[in-house]
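Peer 1: One structure, pasted below without further comment.
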Amino acid sequence: MSRIAYVNGQYVRHADAAVHVEDRGYQFADGVYEVCEVWQGKIVDMPRHLDRLNRSLNELQIDWPMARSAVEFVIRQVIRRNRVVNGLVYIQVTRGVAKRDHFFPAEDVAPSIVVTAKPTSPAASQVQADKGIAVVSYPENRWPRVDIKTIALLPNVLAKQHAKENGGKEAWYTDADGNVTEGGSTNAWIVTKEGALVTRPADNGILRGITRAVVLDLVQKEGLTFDERPFSLDEAFEAKEAFVTAASTLVMPVTRIDGKIIGNGHPGSVATRLRELFHTATDLQTA
Ligand code: PLP
C-alpha cells in the first residue's frame, strides 16, 4: 500500500507529494506545524494541538488554510488512508506560494497546508524507555520566540546532530545562566532527591508541549510534588531521575546527561509511572 499525503486540497501519493519552490515555507521557513500521536487508532489530544496551531498561526499572522473542522476531517482522512493505528500525524501550514520577497504576500495568497501520517512502533519506543536515553547539553542559541511552533528548526537540527555525534538521543539546551531550557524536540524534566518534579515554566523560552501539559495534569491527579521553575544542568546531574516529554516520545526516561549517570542509571519510578499512566489523562478521538 502506498502512503498518501494531503497537499493543498488533494490526496496524493506520498512519493509525489510536493509544494512549489516558491512556497514561503521552503524559502523562508515561514510556517508552523503540529505533530499529534495516533495511539490504538485514536488521535491523542487533537483539540489541544489545534489550539496551539491556532496560537502559532495568530502569532505569525497566518490565516487558517481552511476551517478548523476541515483540518480535523483531513487529519482523520490521512490517518485512515494510511491505515495508521499507532504513529504520528504531521500538519504544516505556511504563508503560501508567492514571488520571493520578505514582505508578507498579497492578501489573496492562500496559506499552504500539508498533512502526512506515518506508523511508529510502540514496542520499539518501549524498548528505549526500558533502557532510558542519553542527552547531551548544547548552548541555547535560538530566537526568543520558541513558544511558537515554527518550521524554522535549523538550530534544533544542529543541536540534535551534535547530541547524536556525542552518543545522545536528545540535546538539552542550556542558557547563559546554566539552566536547561528544553530539548531539541522535547521538554525537559528532573525529579529531585526529595522527590519533587521540576520543569521550566512555560514562558517564551520553551515550546509549551502538549505532552508536558498532560503530564502536569497527571502530576496533579497523582498528588505528586511539583515545582515549576528553572533547573540547572548541575542540578540535573545530581537529580534522582530525569526525563523528556513529547508527542513522539511520550514520557521518555533519561539515564545519562553529558556522559554522567543519573540516579542509579536506570529509568526512574516516577518517569516510568507517568509513562504508564500517560494515555489515561489524554483526550482520545477515533481517527
Ligand atoms: N520542545 C520542542 C522544541 C519540540 O519540538 C517539541 C515537540 O516537537 C516539544 C518540546 C514537545 O511538544 P509536544 O509535547 O507538544 O510534542
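Peer 1: Could you say which residue among 202, 171 is in contact (Cβ under 8 Å) with a residue 24 or more places away in the chain and open to solvent by 20 Å² or more (accessible area, probe 1.4 Å)? Show your work before the answer.
Peer 2: On the way: 171 fails: open to solvent by 20 Å² or more (accessible area, probe 1.4 Å).
Answer to the selection: 202.
Peer 1: While we're here: Which residues, taken from the range 132-167, are within 15 Å of the chain's Cα centre (by Cα), assigned to a loop (DSSP other than H, G, I, E, B) and under 22 Å from residue 251 (Cβ atoms)?
Peer 2: Hits for the range 132-167 are 146, 147, 149.
Peer 1: Name every residue in the range 100-134 that is among the hydrophobic types (A, V, I, L, M, F, W, C) and loosely packed, with under 14 Cβ neighbours inside 10 Å, in order of residue number.
Peer 2: First, pick out the residues of the range 100-134 that are among the hydrophobic types (A, V, I, L, M, F, W, C): 103-104, 106, 109-110, 113-115, 117, 123-124, 127, 129, 133-134.
Answer for the range 100-134, where residues must be among the hydrophobic types (A, V, I, L, M, F, W, C) and loosely packed, with under 14 Cβ neighbours inside 10 Å: 103, 106, 123, 124, 127.
Peer 1: Which members of the range 141-176 meet the condition of being acidic (Asp, Glu) and under 19 Å from residue 242 (Cα atoms)?
Peer 2: 170, 175, listed by residue number.
Peer 1: Checking the condition free of Cβ contacts under 8 Å to residues at least 40 places away in the same chain, among the aliphatic types (A, V, I, L, M) and more than 15 Å from the ligand (Cβ to nearest atom), which residue from 196, 129 passes?
Peer 2: 196
Peer 1: If you don't mind, another one. Residue check: is residue 272 among the β-branched types (Val, Ile, Thr), surrounded by fewer than 16 Cβ atoms within 10 Å (Cβ to Cβ) and either part of a loop (DSSP other than H, G, I, E, B) or away from the ligand (no atom under 15 Å from the Cβ) (or both)?
Peer 2: So residue 272 does not fit the description; no.
Peer 1: Checking the structure you have, find out if any residue of the range 221-244 is under 19 Å from residue 45 (Cβ atoms) and part of a helix (DSSP H, G or I).
Peer 2: Yes, there is a match, as at least one residue in the range 221-244 is under 19 Å from residue 45 (Cβ atoms) and part of a helix (DSSP H, G or I).
Peer 1: Determine whether the range 29-42 contains at least one residue that is free of Cβ contacts under 8 Å to residues at least 40 places away in the same chain and either surrounded by fewer than 16 Cβ atoms within 10 Å (Cβ to Cβ) or closer than 14 Å to residue 93 by Cβ (or both).
Peer 2: So far as the range 29-42 goes, no, none of its residues is free of Cβ contacts under 8 Å to residues at least 40 places away in the same chain and either surrounded by fewer than 16 Cβ atoms within 10 Å (Cβ to Cβ) or closer than 14 Å to residue 93 by Cβ (or both).
Peer 1: Of the conditions (1) within 11 Å of the ligand (Cβ to nearest atom); (2) on the phi > 0 side of the Ramachandran plot, residue 167 fails just one. Which one is it?
Peer 2: Single failed check for residue 167: (1).
Peer 1: To continue, here is another question. If you check 85, 97, which single one turns out to be open to solvent by 70 Å² or more (accessible area, probe 1.4 Å) and β-branched (Val, Ile, Thr)?
Peer 2: Sole residue among the options that is open to solvent by 70 Å² or more (accessible area, probe 1.4 Å) and β-branched (Val, Ile, Thr): 85.
Peer 1: Still on this model: Could you identify the single residue in 123, 117, 129, 152 that is of a type in the set (Gly, Ala, Ser) and over 21 Å from residue 89 (Cα atoms)?
Peer 2: After applying the criteria, what remains is 129.
Peer 1: Can you tell me which residue is farthest from the ligand (Cβ to nearest atom) among those in the range 228-248 that are open to solvent by 30 Å² or more (accessible area, probe 1.4 Å) and more than 19 Å from residue 174 (Cβ to Cβ)?
Peer 2: Looking at residues that are open to solvent by 30 Å² or more (accessible area, probe 1.4 Å) and more than 19 Å from residue 174 (Cβ to Cβ), I get 240.
Peer 1: Moving on to the next point. Could you tell me which residue of the range 254-268 is nearest to the chain's Cα centre (by Cα), considering only residues that are open to solvent by less than 10 Å² (accessible area, probe 1.4 Å) and within 17 Å of residue 164 (Cα to Cα)?
Peer 2: 254
The values are calculated or read from the model by the stated rules, or taken from the named source; none is laboratory data. The structure displayed is predicted, hence computed values, not measured ones. So basically every Cβ, Gly included, is an ideal-geometry build from the backbone, and we count neighbours across all protein chains shown. Keep in mind that these areas ignore ligands, DNA and RNA; they rest on the heavy atoms of the full protein, side chains included. Shrake-Rupley method; radii C 1.70, N 1.55, O 1.52, S 1.80 Å.
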